Amino acid sequence: MNQNDGIEIIRALDDLQKERGISKQVLLDAIEAALVQAFKKHYGSSQNVRVGIDASTGKVLVMSRRSVVEEVGDPKSEISLEDARQLDPSYQLGDIVEEEVTPREFGRIAAQAAKQVVVQRIREAERGMLYEQFSNREGDVVTGTVSRIDQRNVIVDLGKAEATLPPQEQIQGDNYTTGQRMKFYVVEVRKTNRGPMVVVSRTHPGLLKRLLELEVPEIADGIVEIKAIAREAGGRSKIAVVAHDPNVDPVGSCVGPRGARIQTVVNELAGEKIDVIPWSEDYSAFISSALSPAKVVEVRPDFISKIALVVVPDYQLSLAIGREGQNARLAAKITGWKIDIKSESQVGLGGIPRFEIDF
């Protein structure tokens, strides 16, 4: 390594320390270790050597290391006390004698090995920083561009990294085309040798929650709280909200003027229907709201079995149950109650005894 190469590498290490926070000393230690291996590989040497780099000039010195002994068994690793004292009278048994053995042509090999180490450490540092960046975003929403379809996985370009959208995290109504920009929920970030492996989702309930936080200032400010979410991605979702300010309408805040806020979320989720309902500590009221858009005549909760009998008008029965039972299924999921829906004619006058329990 000539003087110019050495100075250039030292400057590069200084820049890396300033700009990327990679310790110059750590890099020097790694380069020195790589140069030891390079020396032994190119010169087939089994002798014990140390490679030192001057931190100011970048000059490389290869030093042989031999232990001072009374009787030499291996001349490559040992030196007699008599011979050692010819070099320096102060040497004692057990000391290490270092002598420069730098080959004249070793500079070129050293420069190449040093550059390889620097490049490798830069890549490792970038991967580490990317991992830290994305690991902090688990549970958050990111915007990405569909890059390609790899078998059934959708590969998403997030700018500095790629993410994978597995089949089970895809909405059936979504049409994934190259170049399409979409929002995704970060499910998991794993550390790998190739950098962070980011797994994203379009079906996770957290995506709906985060999208609402972005669209509804009252939620972002904590005035309105999302208490529960039940979601069947691409079909229908129900969100229970409550306001911590009596002057704020939680449902109206989420829906927005002329439904603008909720419509933005619906559009992002491929037309998924979203019911926003008021959360209540009154189980009867909450269950009644959860069956929206159906109108409920009466709710009879049984706290022992946690089964609620819900009575609806005859013409509202199919609406309350929903297509393939979806509305009733989501209502049960968001409330945590089993729901038995009956029409008024099915219940009949006095057909089922009524019971009342104080809440």
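The values are calculated or read from the model by the stated rules, or taken from the named source; none is laboratory data. Remember, predicted model here, so these are calculated numbers, not experimental data. Using ideal geometry, Cβ is built from the backbone for each residue, glycine included, and neighbour counts are taken over all protein chains shown.
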Mind checking which residues of segment 290-306 are on the phi < 0 side of the Ramachandran plot and either surrounded by fewer than 14 Cβ atoms within 10 Å (Cβ to Cβ) or touching a Ser or Thr at 6+ places or on another chain (Cβ under 7 Å) (or both)? A290, P293, K295, V296, V299, P301, F303, I304, S305
For segment 1-102, list the helices (runs of 4 or more DSSP H) that sit wholly inside it and hold at least 3 residues that are crowded, with 18+ Cβ neighbours inside 10 Å and assigned by TED's automatic domain parsing to the domain that holds I122; which are they? 3-20, 24-43
Residues (surrounded by fewer than 17 Cβ atoms within 10 Å (Cβ to Cβ) and either within 19 Å of N175 (Cβ to Cβ) or touching a Cys at 6+ places or on another chain (Cβ under 8 Å) (or both)) located in segment 265-282: V266, N267, A270, G271, K273
Selection from segment 135-155 of residues surrounded by 13 or more Cβ atoms within 10 Å (Cβ to Cβ) and farther than 12 Å from Y185 by Cα yields S135, T145, V146, S147, I149, N153, V154, I155
Find all pairs meeting these conditions: Cβ atoms under 8 angstrom apart; at least six residues apart or on different chains; first residue within segment 121-145 and closer than 15 Å to L214 by Cβ and outside any loop (DSSP other than H, G, I, E, B); second residue basic (K, R) and modelled with pLDDT of 80 or more. V141/K183; V141/R210; V142/K183; T143/R181; T143/K183
Which one of S280, S253, S305, S289 is over 29 Å from the mean Cα position of the chain (by Cα), within 23 Å of G336 (Cα to Cα), free of Cβ contacts under 8 Å to residues at least 60 places away in the same chain and in a helix (DSSP H, G or I)? S289
